[in-house]
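Below is one structure; the comments refer to it alone.
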Amino acid sequence: ASFPFLCFRSALVTPLIFGLFLQAPFTQPSTITQPNFVLLLADDLGIGDIGCYGNDTIRTPNIDRLAKEGVKLTQHIAAAPLCTPSRAAFLTGRYPLRSGMDAINDYRVIFWNAGSGGLPPNETTFAKILQHQGYSTGLIGKWHLGVNCESRNDHCHHPLKHGFDYFYGMPFTLISDCEPTETPEMDRAFRRKLWLSTQVIGLLTLTAVLGRLTGLISVHWKALTCLAGFSLLFFISWFSSYGFVRYWNCIMMRNHGITEQPMVTDRTTSLILRESISFIERNKHKPFLLFLSFLHSHTPLLTTEKFLGRSRHGLYGDNVEEMDWMVGQVLDAIDKEGLKDTTLVYFASDHGGWLERQEGERQLGGWNGIYKGGKAMGGWEGGIRVPGIIRWPGVLPAGRVIDEPTSLMDIYPTVVHLAGGAVPQDRVIDGRDLLPLLRGAVAHSEHEFLFHYCGVHLHAVRWHQKDTGAVWKAHYVTPIFSPPGAGACHDRGFCPCFGEGVTHHEPPLLFELSQDPSEAKPLSADTEPLFDTVIRKIGRAIEEHRRTLTPVPEQLSVSNVVWKPWLQPCCGTFPFCWCDKEDDN
C-alpha cells in the first residue's frame, strides 16, 4: 500500500537532485529517439554455460562484459522449451499456443522446410512494427518458423513477410544431418523403424519370389509384381525425404533466394558474422534492428579450426567460446561506428541446454547450472530459465542484477515502445515492457503469473507474490526421468509432454523458488501452512488465463509438419536442387 506514496515522493525528490547536480545519472530515453536494437539469441545454450551466470570453466569474456556494462536478469524465462514455439513467442510477445505454434502431438517443432506450417501471416512481429516506424530490419542466422504455405515460392512464413527487410541465414535449423561426417539426428528412431520395415517387406518379397521359382509356394506372378511394386513405393515414399535431409533442410538463403543447397558448413560461421557486421555498417545512419539468431550452440556444433580444442569442455565448450567471440566482434562493430550509446543490445538463449544430447562419452548439449531439467521440459527451470542481458549505456545502470520474473516475450513491448510504436490492441500480448524495471523506476516485474507449457499441455505455473517476494511454482505434470534420478530422458532423447512418459500430480508439486531454486524439496500441506491458499490462487489464475485463449489453426499438426515435395525450396529444377552461389561470388 505504501508503494504509490514512494513513487510520488521519488517523483518530487528526483527533480531536486537533478537540479543540484545539473546532470541526470542516466540519459532519459526521450532524449534518444528510436535507439538501434541488436538482439542476440543463442540456440540451445544453457544458463550454466556462461561466466557471468556462474560458469568458471568456459570463457565468455564478451558476454560477461555485456552483463558488467548492462543489466543481468537472473529469472529470465522462455515461453517454451524448444526452438520453434519459443522463437514464435519471442517475435510476437504471445504464448505460442495463441498463434498455433505449439504442438498437439510429438512433432513439437517445424520439421521440414517443405512443411506447410509456420508463423501465421496474421501475426504481427516486433520487426513489422519497427519497419512501419522507419527502421531498417534484418535477421541474420536461424529462422525455424516455416517457409511456404501452398506453393514452392509463396514464402508466406518467410522472414521478409514478417517485418524483416533483409534475411541471410537458415530458414530451418542446424542439425547433425547438415554435416556429412556426423550421425543423422533428425527423427532418428523413426528412421530406424522405416529402414527395418523396408527390410522386412523386401525380405518377404524376395522370399515369395524364390518360393515361386522353386515351386515351394503357389503365387501368381501378378501378385508378386504388386508386392514388389508396393515394396518399391514404400521405400521411395520415405527415402525421398529422409534420404536427402541435407539437401532439403540444410540450405542458406539471402532474402528470397537460395545461396547454398546444401550449405557448406565450413564457412557458415564466417558468413553469418560478415553479414551481421555488414548490416550494421550499411544502416549506421538510420535506426536499425538487427536480430542475430545464432546457429551456435546447436548440434552439430559447427566450430572453426581456430577454436577447436581451446576449451575444457570438448567441442561444446569450443563452440560456446566461438559464439562469445562472435558477440565480441559485433560489439566491436557497434563501437567502431560510434553507435554504442544509441544501441540497446540484448543477449539470451531460446531455451535451456539439451541434456540428453550425447555421442558415446561426448556431451554435446549444454549445462543448466543448479536448475533441474533441460531442453524440451516445459515445467522444470532448466528447460526454460535462460540468460538475459540488456545493455544500453547511459540509460540502463551498469552492473544491475534483477531477480524478478521476466520473459523473452517482454522484448516485444519493450522494443516497440522504445521505437515509438504501439503494440496491437486486437489481440492478447503476454509480454510486459521491461524498461521501468530495468531502470529501477519500479521494484517488481509486471508479471504476477507465468504459465509454463510443454506443447499445448500446461505443465506448471509460477506465481510471484509481490508483497512477500515469494515465487511459488506449481507443477501439474512432470516428465518421468530415465534412468530414474538422471534428471533427463536419456532413453528417448527428449522428455515428452504427455502420455506414458509423464506423471500427473494431484495435488500439484509446489516449490518456493526464492528458497529452493533447484526445485529439490516439494512442499506439502503438512510442511507449508500456505499450501492450500497458494494452490487455490494459482488455480483461479489458470481459469482466468484459459478464458483468454481462442481456437486457432494448429501449425504443427501432422498435416502441416510432413514433407511436401511441391513446397520444397529448390535452387534448381526439383528434384535436382543444388547450388553454391557463395562460391561463385
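The values are calculated or read from the model by the stated rules, or taken from the named source; none is laboratory data. Everything numeric here is computed off the predicted structure, so don't read it as measured data. Surface areas here come from the heavy atoms of the whole protein model, side chains and all, with no ligands, DNA or RNA. Shrake-Rupley method; radii C 1.70, N 1.55, O 1.52, S 1.80 Å.
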remark   = Residues whose built amide H sits under 5 Å from the amide H of Glu359, excluding neighbours closer than 5 in sequence, are Leu364
query = Counting pairs of alpha carbon atoms under 8 Å apart in space and at least six apart in sequence, what relative contact order in percent does the chain give?
reply = 26
message = So, taking all protein chains as they sit and a 1.4 Å probe, how much accessible area belongs to Val502, in Å² rounded to tens?
response = 10
remark   = Among beta bridges assigned by DSSP with both residues in the chain, the antiparallel ones amount in percent, to the nearest 5, to 55
message = Using Cα-Cα distances under 8 Å and only pairs 6 or more residues apart, what relative contact order does the stretch 285-330 have, in percent?
response = 33
task = Round to the nearest 10 and give me the degree value, 0 to 90, for the angle of helix 83-92's Cα axis relative to the longest principal axis of the chain.
result = 40
Probe 1.4 Å - accessible area at Ile535, Å² to nearest ten = 30
ask   = Using a ≥ b ≥ c from the Cα gyration tensor of the stretch 297-361 (square roots of the eigenvalues), is it rounded, prolate or oblate, where a/c under 1.5 gives rounded and otherwise the larger of a/b and b/c decides, a/b for prolate?
value = oblate
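In percent, how large is the relative contact order of the stretch 188-242, given Cα pairs closer than 8 Å and 6 or more residues apart? Walk me through the intermediate numbers first.
On the way: 20 pairs, mean separation 22.6, N = 55.
Computed over the stretch 188-242, the figure is 41 percent.
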ask   = Of Arg540, Arg87, which has the most accessible area with a 1.4 Å probe, and how do the rest follow in descending order?
value = Arg540, Arg87
task = Starting at the first residue of the stretch 251-265, write each ³J(HN,Hα) from the Karplus equation 6.51 cos²θ - 1.76 cosθ + 1.60 with θ = phi - 60°, in whole Hz, x for Gly and Pro.
result = 10, 10, 10, 10, 6, 8, x, 7, 9, 9, 8, x, 5, 9, 5
message = Under the rule of at least 5 residues apart or a separate chain, name every residue whose amide H is placed under 5 Å from the amide H of Ser482.
response = Ala488, Cys489, His490, Asp491
inquiry  = Could you put Tyr166, Tyr247 in order of accessible surface area, largest first, with the 1.4 Å probe and the full protein assembly present?
reply    = Tyr247, Tyr166
key: the chain: calculated mean residue ellipticity at 222 nm from DSSP helix runs of at least 4, using -39500 (n - 2.57)   = -9500 deg cm²/dmol
request  = Could you work out how far helix 188-214 tilts from the main Cα principal axis of the chain, as a 0 to 90 degree angle to the nearest 10?
outcome  = 0
key: Residues of type aspartates and glutamates that Lys222 reaches as a straight line, Cα spacing below 15 Å, ignoring anything fewer than 8 places off in the same chain   = none
ask   = Which whole-Hz couplings ³J(HN,Hα) result when phi for each residue of the stretch 136-145 is put into the Karplus expression 6.51 cos²θ - 1.76 cosθ + 1.60, θ = phi - 60°, listed in order with x for Gly and Pro?
value = 7, 10, x, 10, 10, x, 7, 10, 6, 10
key: Value of Rg to Rh for the chain (Rh from inverse mean 1/r over Cα pairs, i.e. Kirkwood)   = 1.01
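What pairs in Lys286/Lys340; Lys68/Lys286; Lys72/Lys521; Lys128/Lys284; Lys68/Lys473 have C-alpha atoms more than 22 Å from each other? Could the numbers behind the result be given before it?
Numbers: Lys286/Lys340 14 Å; Lys68/Lys286 27 Å; Lys72/Lys521 27 Å; Lys128/Lys284 20 Å; Lys68/Lys473 30 Å.
Table pairs above 22 Å Cα-Cα are Lys68/Lys286; Lys72/Lys521; Lys68/Lys473.
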message = Please compute, over every Cα-Cα pair in the stretch 188-242, the percentage with a separation greater than 17 angstrom.
response = 41
ask   = From the backbone phi of the stretch 292-303, what are the Karplus-calculated ³J(HN,Hα) couplings (6.51 cos²θ - 1.76 cosθ + 1.60, θ = phi - 60°) in whole Hz, Gly and Pro given as x?
value = 8, 9, 4, 7, 6, 10, 7, 4, x, 6, 4, 9
task = May I ask for the angle, rounded to the nearest 10°, between helix 3-21 and the longest principal axis of the chain, with both axes built from Cα atoms and the value confined to 0 to 90°?
result = 70
key: Residues of type lysines that Lys466 reaches as a straight line, Cα spacing below 16 Å, ignoring anything fewer than 8 places off in the same chain   = Lys537
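Working from the pairwise distances between different alpha carbons, so that the mean of 1/r is found and then inverted, what is the stretch 89-152's Kirkwood radius in Å? Write out the running numbers ahead of the final one.
Working: mean 1/r = 0.0759 Å⁻¹.
Kirkwood radius, the stretch 89-152: 13.2 Å.
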